[in-house]
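The values are calculated or read from the model by the stated rules, or taken from the named source; none is laboratory data. This is a predicted model, so every value here is computed, not measured. Cβ sites come from the backbone with ideal geometry, for glycine too, and all protein chains shown count toward neighbours. With ligands, DNA and RNA removed, areas are computed over all heavy atoms of the protein, side chains included. Shrake-Rupley method; radii C 1.70, N 1.55, O 1.52, S 1.80 Å.
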Amino acid sequence: MNQNANPYAAAQTGRPGTIGCRVHYFTEVASTQDLARELARGGAGHGEVVVAERQTAGRGRLGRSWHSPAGVNFYGTFILRPAIPLAQVATLSLVAGVAVAQALETVAPRIVSLKWPNDVWLNGRKAAGLIAEAVTDSNHRLTAVLLGIGINLNLAAEDLPPDLSDKATSVLIATGNLCDRAAFADSLFANLDARYSETIAHGFDPVREIWLKYSALTGRRVTVVDGPKRIGGVVTGIDREGALLLDDNGVTNRILAGDVSIEGAYD
Ligand code: BTN
């Protein structure tokens, strides 16, 4: 683990209590989630973020790995200190998905969409993923949320591993343009802080409206796999708790977890 001159220094807000107030920058880590957990346990404040150039053991949802080559993308974990019940943590990752979509909109206009629960797409391929891990005390009360965000920015098509080549993309691949990573981080921090603050002040509904505008799934027939369970239907939206709503011949099913595949599309 190395800590070098911080290219994200200018993106730090310096205002305690805002997202992006302080950036802990590393050239290489196993996973920013692990360092953020240590910092959170040591008392790091709301909005501090661990950013790395490269991860050797980046992780995604459902035990998957996250491809994290050096110097091209954004890999960060935000330490959040919301006073919410454990059950609402998943909603925060939907809120963060909207902030990522809005930051991507500035560098890849009109091709951004959201795939429930935590994927951000460019032109229908995955460019970003989010993971929210809870930190709890000995009474199982939430003390922090570790919001991990990986965003493919300047990854070239030839550097995608073969198993991702038909599923994943980056800003560079989708638009042909290189993205200034520090400027992008600045916009990401501002959008995250704004959407998070709205949610804490007014609940999930205002951000949910934006989420629905970006939804890649609404009106699509999907299958959701959650362990041994499989359920199919047409997506009608998400509810106030962030559950995916599926219509199955007039019956609405609420989906709280799982992997969604869309008929006729890559997941
Ligand atoms: C997913 O789509 O499955 C979630 C991917 C989350 C990846 C990010 S990269 C920064 C942070 N550190 C990790 O090890 N994972 C998250």
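Arrange the peptides 237-249, 91-103 so that the one whose residues have, on average, the most other Cβ atoms within 10 Å appears first. Present the calculation step by step, with values, prior to reporting the outcome.
Details: 237-249: 16.4, 91-103: 24.5.
In descending order of packing, they fall as 91-103, 237-249.
Taking the simple approach of a point 7 Å from Cα along Cα-to-Cβ for both D205 and R64, what is their distance in nm?
Result for the modelled spin labels: 3.4 nm.
Roughly what would the spin-label model give for E105 and D159, points 7 Å off Cα along C-beta, in nm?
In this crude spin-label approximation the distance works out to 2.8 nm.
Report, in debye and to the nearest 20, how large the dipole of the range 118-261 comes out about its Cα centre when Lys and Arg carry +1 and Asp and Glu carry -1 on their Cβ.
On the way: 14 positive and 19 negative charges, 72 e Å.
Using Cβ point charges on Lys, Arg, Asp and Glu, the range 118-261 gives about 340 debye.
What residue among Y75, L153, A99 has its Cα farthest toward the positive end of the dipole of the range 9-214, where the charges are +1 on Lys, Arg and -1 on Asp, Glu, each on the Cβ?
Ranked along the dipole, the leading option is A99.
Assign unit charges at the C-beta atoms only (+1 for Lys and Arg, -1 for Asp and Glu), then state the dipole size of the range 221-262 relative to its Cα centre in Debye, rounded to the nearest 20.
With Lys and Arg at +1 and Asp and Glu at -1, about 60 debye.
Ignoring any ligand, DNA or RNA, what whole percent of the accessible area of the chain comes from carbon and sulfur when the probe is 1.4 angstrom?
50
Take the alpha carbon atoms of the chain, find their radius of gyration, then divide it by 2.2 N^0.38 Å using N residues; give the quotient.
Compared with the compact-globule rule of thumb, the chain sits at 0.96.
Taking the Cα centre as origin and putting +1 on Lys and Arg beta-carbons and -1 on Asp and Glu beta-carbons, what dipole magnitude results for the chain, to the nearest 20 debye?
Charge dipole, the chain, about its Cα centre: 260 debye, nearest 20.
Per residue, how many Å² of accessible area does the chain show with a 1.4 Å probe? Kindly include the intermediate steps, with their values, before the conclusion.
Working: 12020 Å² over 267 residues.
In whole numbers, the chain has 45 Å² accessible per residue.
Determine which residues of the range 68-83 fall in the zone a paramagnetic label at A9 would reach in this model, i.e. backbone nitrogen under 14 Å from the point 7 Å along Cα→Cβ.
The answer is none.
Determine the gain in length on full extension of the stretch E241-R221; use 0.36 nm per residue of separation and subtract their C-alpha separation, reporting nm with one decimal. List each step's numbers first, then the result.
Values: separation 20, 0.36 × 20 = 7.20 nm, distance 2.15 nm.
Using 0.36 nm per residue and subtracting the Cα-Cα distance, I get 5.1 nm.
Rounded to the nearest 5, what is the percent of antiparallel bridges among the DSSP beta bridges in the chain? Mind showing how you got there, number by number?
On the way: 49 of 57 bridges.
Of all bridge pairs located within the chain, approximately 85 percent are antiparallel.
Using only the Cα atoms of the range 1-129, construct the convex hull and provide its projected area averaged over every direction, in square nanometres to one decimal.
8.5
Measure of size requested: the Rg and Dmax of the range 113-191, with Cα atoms as the atom set and Å as the unit; please supply both.
15.5, 50
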